[in-house]
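Everything below concerns the one structure shown next.
The values are calculated or read from the model by the stated rules, or taken from the named source; none is laboratory data. Quick caveat, the model's predicted, so the values are computed rather than measured. Glycine gets a Cβ as well: all are built from the backbone with ideal geometry, and neighbour counts include every protein chain shown.
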Amino acid sequence: MKIATNTPSSFSLASGYEFVHLGDGANDVSMIVLLLKRNWGGGHVDDINALTLAICSYPKEIPCYIVGCESTIPDTNLKKYAMKTRDDAVRALCDEVLTRSKSIGVRGEITYLYLTEFLGYSEDQVDIIFDSEFPQSIESLQEFLQKNEPSLRVFEKAFLFFQNKPQVFYERPPTFDRNIIIPRSYVTTSGFTSRMSADVLIDGKITTLWCETGKAYEKFFLSERADAFLCILLPVAMRSGKDIVCESPVTEQFLHNLNEILIPQLCAHDPRLYRTTVVAAGDSSDLLRGNAVATGMSCGVDSLYTTSLYLASEFTSMNLTHLYAGNYLYGNDSRVYERAEYVAEELKLPLVRTGTNISESLKLPHVYTHFFKTMFGVLALRKLFRIYYYSTAEDFSHFSLKGNGTTDTAIMELLLLYTFSCPDFQVITGGVKKERLEKTAAICTFPSATKFLNVCLYPELERNCGKCTKCMRTLLMLDMLKSLDLFRAVFDIDEYHRTRMDSFVYLVKEKKSIMLSEVYKYFLRTEPSLVRQAEARFSNLTPR
């Protein structure tokens, strides 16, 4: 069954189902399913009208279901917020949908009242399918699906997840264009900083993407090729049904690897992705290049372990000459850079810093794209590096391409590392020979780790919070390794001991995860009473 939707990546894979973007597949789509953000407001009239226009492009016999929508009206005083252009747009959308389905699924009472009391739809035509006060309750959603299209019950969990976090990675605008155009990049300088930019054309709008670094590294920008910008726009294109046209050449082997290997393989194992074609000239000419061997320094377990391996290994030509820090997630002035500077200074290695606006401009889902985000900065300075060690989070026994559009890129790094490597530039796994627990044990004897380890989801704090999932995971490992006291400089170890049960409840919840399964087995053997208490508490917290 082929389903047209505004958000293919929000659906879980299910046998027998294929997803295409709303507007595609007019001749062979079986149904239309829309999952909408909180965007029924005055600033989204064009988006609402675009949805209606797209639905109307399909034959009238094609059913259409809205599984979750929400008005931006803040309270039940609906007449106060009347807005003719918005109300007319919503009414046109609902009228079209209700010719194809029995009812519309909404989030919350305000949207329900807006459609029934204000726009005049009958109570039978509007169903509340989600209540934020009971976010795990699925009964209302199930009733809605049974009423409209029972076959969609296979996607209940995906639907409920969306209602809790109604985010769409990419939604086609009225100005949708199949091609992303990457023009020739250019370099500008300001003070001590140099910036490489490209004015990328996406859906009729120019978005300037950039990467900046210290002026001393300006000569290493790969501004004559589109590699870096192609890297970061590829996940956008594959999730939005677009091709990429590069006005500058692309490193020939990289272009080959993308078009002939990576893109076909990703699409073969995730039908939600579009088989993007990259149109560019290949360039295999020699580059002015440095001889740097570097790895990223986030001060997490993986990066510190990789650094410890290649400071002075037996493979002398492959030992680190630089550390690298880039803005993958937390901004261009975050403490991630500060900590990386401390490690670089202690190890007497130069730190290469890059900043960028890609996260803000492209709204990339971090877990699904972090490899591409990291490599954007590295490829921008490709002429500097001979070897870049990518600190691998999982060993390759966990490799998988299934459903890769919505999985952590760590699971498919084996293929990504191969794709991004070329004869004059190697991207090599760092630390794949050990799992996270073994890496944690190894860095206990690495002085820089005991001083600067930071795994926290809130890196702007002076030290690890000890309460987030990543902190608890690391503390549990250190607890198992009897090495907690070594990390008093970066964790409040006394607080961990006082609230240890909270971490054990988390351990019980994650007992089957790749990183914590061995930790759970260890404590089940050594402290069975504590584990049983944690299991009892977790059971009481879990909704029936």
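Computed values, structure above
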{"item": "Tally of residues being surrounded by 19 or more Cβ atoms within 10 Å (Cβ to Cβ) and under 16 Å from Cys267 (Cα atoms) across the stretch 386-410", "result": "4"}
{"item": "Residues within the stretch 294-335 that are of a type in the set (A, V, I, L, M, F, W, C) and in contact with a Ser or Thr (Cβ under 6 Å, 6 or more places away or on another chain), tallied", "result": "2"}
{"item": "Selection status of Glu143, in contact with an Asp or Glu (Cβ under 9 Å, 6 or more places away or on another chain) and at pLDDT below 95", "result": "no"}
{"item": "Boolean, Asp124 is within 31 Å of the chain's Cα centre (by Cα), outside any loop (DSSP other than H, G, I, E, B) and of a type in the set (D, E, K, R)", "result": "no"}
{"item": "Residue pairs meeting the criteria (Cβ under 9 Å; at least 6 apart or on separate chains; first touching a residue at least 60 places away in the same chain (Cβ under 8 Å), in the stretch 336-348; second surrounded by fewer than 20 Cβ atoms within 10 Å (Cβ to Cβ) and of a type in the set (Lys, Arg))", "result": "Tyr342/Lys451; Val343/Lys451; Glu346/Lys451"}
{"item": "Residue within the stretch 378-389 that is over 18 Å from the mean Cα position of the chain (by Cα) and over 24 Å from Thr251 (Cα atoms) present", "result": "no"}
{"item": "Helices (runs of 4 or more DSSP H) enclosed by the stretch 330-391 - at least 3 residues per element that are β-branched (Val, Ile, Thr)", "result": "366-380"}
{"item": "Matching option when the condition is buried (at least 17 other Cβ atoms within 10 Å of the Cβ), part of a loop (DSSP other than H, G, I, E, B) and either of a type in the set (Ser, Thr, Tyr) or in contact with a Ser or Thr (Cβ under 6 Å, 6 or more places away or on another chain) (or both), among Val455, Val427", "result": "Val455"}
{"item": "First in the stretch 201-220 and assigned by TED's automatic domain parsing to the domain that holds Phe385 and charged (D, E, K, R), second anywhere and outside any strand (DSSP E or B) and surrounded by 17 or more Cβ atoms within 10 Å (Cβ to Cβ), Cβ under 7 Å, 6 or more apart", "result": "Asp203/Phe176"}
{"item": "Counted residues, the stretch 89-143 - those being within 22 Å of Pro59 (Cβ to Cβ) and touching a residue at least 40 places away in the same chain (Cβ under 8 Å)", "result": "8"}
{"item": "Pairs, first of a type in the set (D, E, K, R) in the stretch 221-245, second in a helix (DSSP H, G or I), C-beta under 6 Å, six or more apart", "result": "Asp227/Phe254; Asp227/Leu379; Arg239/Ser9"}
{"item": "Test: Ala92 is in a helix (DSSP H, G or I), under 29 Å from Ala26 (Cα atoms) and under 32 Å from the mean Cα position of the chain (by Cα)", "result": "no"}
{"item": "Odd one out for Ala340 among (1) surrounded by fewer than 21 Cβ atoms within 10 Å (Cβ to Cβ); (2) under 24 Å from the mean Cα position of the chain (by Cα); (3) not aromatic (Phe, Trp, Tyr)", "result": "(1)"}
{"item": "Residue count for the stretch 247-295, restricted to those that are over 23 Å from the mean Cα position of the chain (by Cα) and of a type in the set (D, E, K, R)", "result": "6"}
{"item": "Helices (runs of 4 or more DSSP H) wholly inside the stretch 488-539 containing at least 1 residues that are closer than 17 Å to Leu437 by Cα", "result": "500-509, 517-526"}
{"item": "Residue match in the stretch 150-159 (condition: β-branched (Val, Ile, Thr) and assigned to a strand (DSSP E or B))", "result": "no"}
{"item": "Failed item, numbered, when Arg86 is tested on (1) in contact (Cβ under 8 Å) with a residue 24 or more places away in the chain; (2) crowded, with 18+ Cβ neighbours inside 10 Å; (3) of a type outside the set (Asp, Glu); (4) closer than 20 Å to Tyr170 by Cβ", "result": "(4)"}
{"item": "Count - residues of the stretch 350-361 that are out of contact with any Gly (no Cβ under 7 Å at 6 or more places or on another chain) and either free of Cβ contacts under 8 Å to residues at least 24 places away in the same chain or buried (at least 22 other Cβ atoms within 10 Å of the Cβ) (or both)", "result": "3"}
{"item": "Pair list, Cβ under 7 Å, 6 or more apart: the stretch 28-53 residue farther than 22 Å from Leu145 by Cα, other residue among the aromatic types (Phe, Trp, Tyr)", "result": "Ile48/Trp40"}
{"item": "Every residue from the stretch 495-513 that is under 14 Å from Leu484 (Cα atoms) and charged (D, E, K, R)", "result": "Glu495, Arg498, Arg500"}
